[in-house]
Structures are given as structure tokens and as C-alpha cells.
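I have placed the structure first, in the form of C-alpha cells, so that the comments after it can refer back to it.
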Amino acid sequence: MRLKQEQIDYYRDLKTKMSTKMVGETLEQHCSIEYERYLRPMLPNAFFGKDNDASDGTKGDFVFRDSGDGTEYLSIMFEMKNEMDTTATKHKNDDFLKKLDEDRKKKGCEYAVLVSLLEADNELYNNGIVNKSHIYPKMYVIRPQFFVTFITLLVQASKQALEYKKQLVLAQQKEVDVTNFEAKIEDFRLKFVRHYELYSNKFKDAIKHIDDTIIKLQKVRDELISSENNLRLATQDTEALTIRKLTYNNPTMKAKFDEARKANDIEEIKDIEGLDE
């Protein structure tokens, strides 16, 4: 705690003696010296340097990249932030995360790290590495004293992940026949599903046509039954037709039929008399 307080007092005293620009440059210089002192011997082939590419209109402070067997396994975009205690507008660490995330994406880095002396009284940042991945992917905020430690942790974790990837590639190469078999099975499954869907759609269409035909035939059947009923009623009406019904309440027609009957009776009598002679 005593050493920590001495370091805080040192930085506070340093900031009161320097301009805002010099404060930021001093933090960058501190990180560069720490890297060269502790990390360069451990990672002789790694790249750590200023991000001088502003072709996209913006740039970070430092970029770290390291590779193994020709494959990049770790890349970090760094941003260093500091301000004097006498600065009127006090910034927060979260104010710089959006730009840092954009710089990370533009430069194709996996991680983004804000090395910050802002919010000096905030115990959240003073007690260790702060994960901001809930705001932006793979985003962290650290104090300068955790700079070397954090890079070391990421290097170890990423190397292990790279080794796992290599083992996975070897396993996949050994299982190439199995992979091809699985690919063929998947291709067969997709084709079967597609053909089944086509069959299912056509089957449904056929069933619909059959149902429509049944409805039409049922309608024709109902019409034929209705026609048969009408014919039956017409036949009944014809069979029930009599002279009496035709002449009912019709004196003229009744008289005509009566005359016809009398004439018919006279003719029959003459025929009988002729037979007797």
C-alpha cells in the first residue's frame, strides 16, 4: 500500500508540472519502456509500436501483434489516456471505449485495451483489470502498473488456444474420411428434405384437386336428385289428371264433354242394333 501510494503521489506531482499533451506522451513513454524492459526479451518476434496509419481518419496509440509458426495468434489495440488534475473537464474511461473499439476493428485487432489514469479515485479501476466486454467485444481497461501483466496473460492464453487449434487441425486431417462421409450424409439429407418438400407440396395439391372434384360431383349429384324429384312430381301430376278435374268449375268444357259422351252413346246403340238385324 505504501509503494502504491508513492506511485500515485509521483504521478500526481508529475501531472501538475506538465501540460496535458506531455502527460499523455509520458504515459505512452512509460508503457514503451515497460514493454522493452520486460516483454521484449520474452517475445523477440512480436511487434509493438505506434499506430501511425490514419488512412481511415483515426488511429490508436499502440498496436501489439505476435505470431507462431506463421500464424498470428494475438493482436491488441492500445489507447493511453491521462489528464492533469487541474483540467476543467474531467473525462471518464467509458468516454473513449467507442473510438477504441472502432480503431480495433479498422486495424483488424482481436483485443482492445485502454491504459488509463483517468478516474484516479475509482476503486474499480485501481484494484485490477476491468473487463468491459459487456459494452464492446474483448474490451479491457487497466492501470499502467498492469500493462506488462495483462499482455503476459493474453499471450499465454492465446498460445494455448493456438495449440488447441493446431491439434484440432491435425485431428481433422486424420479424420478427413469421416469428414467427407459426414459431408455426403449432410448433402443426402438436404437433397432428401428438398425432394420430400416437393413431394409433400404436390401431394397436397393433388388432395386439394380431389377434394374440389368431390365437391363438384356432389353438387352434380344433388342437382340430379333434384331433377329426379321434379320428374316424379310431374309424373304424379300427369297420372292424377282426369276429365272431372279438367271440367271442375268450367261449365263450358263440362257441356262439351257431356255432348261428346251422348254422341258416343248414340253411336254405340246404332252399332248394337245393326248387329241384331
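The values are calculated or read from the model by the stated rules, or taken from the named source; none is laboratory data. On a predicted model such as this, the values are computed, not experimentally measured, just so you know. Don't worry about glycine lacking a Cβ; one is built from the backbone with ideal geometry, like all the others, and counts go over all protein chains shown.
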- prompt: Across the range 115-135, what is the total count of residues that are in contact with a strand residue (DSSP E or B) (Cβ under 9 Å, 6 or more places away or on another chain) and crowded, with 17+ Cβ neighbours inside 10 Å?
  reply: 7
query: Does the range 126-152 hold any residues that are part of a helix (DSSP H, G or I) and either polar (S, T, N, Q) or under 35 Å from the mean Cα position of the chain (by Cα) (or both), and which are they?
result: 126, 145, 149, 152
- prompt: Does the range 21-44 contain at least one residue that is part of a loop (DSSP other than H, G, I, E, B), among the basic types (Lys, Arg) and either at pLDDT below 90 or over 30 Å from residue 166 (Cα atoms) (or both)?
  reply: no
field: residue 112 under 34 Å from the mean Cα position of the chain (by Cα) and surrounded by 13 or more Cβ atoms within 10 Å (Cβ to Cβ)
entry: yes
- prompt: residue 72: at pLDDT 75 or above, under 14 Å from residue 117 (Cα atoms), in the same structural domain as residue 120 (by TED's automatic domain parsing) and of a type in the set (Asp, Glu), yes or no?
  reply: no
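If you take the residues of the range 110-122 that are in contact with a Leu (Cβ under 9 Å, 6 or more places away or on another chain) and assigned to a loop (DSSP other than H, G, I, E, B), which of them is farthest from residue 10 (Cα to Cα)?
Looking only at the range 110-122, we keep the residues that are in contact with a Leu (Cβ under 9 Å, 6 or more places away or on another chain), and these are 110-117.
From what is left, the residues that are assigned to a loop (DSSP other than H, G, I, E, B) are 110, 117.
Numbers: 110: 33, 117: 12 Å.
Filtering first and then ranking leaves 110.
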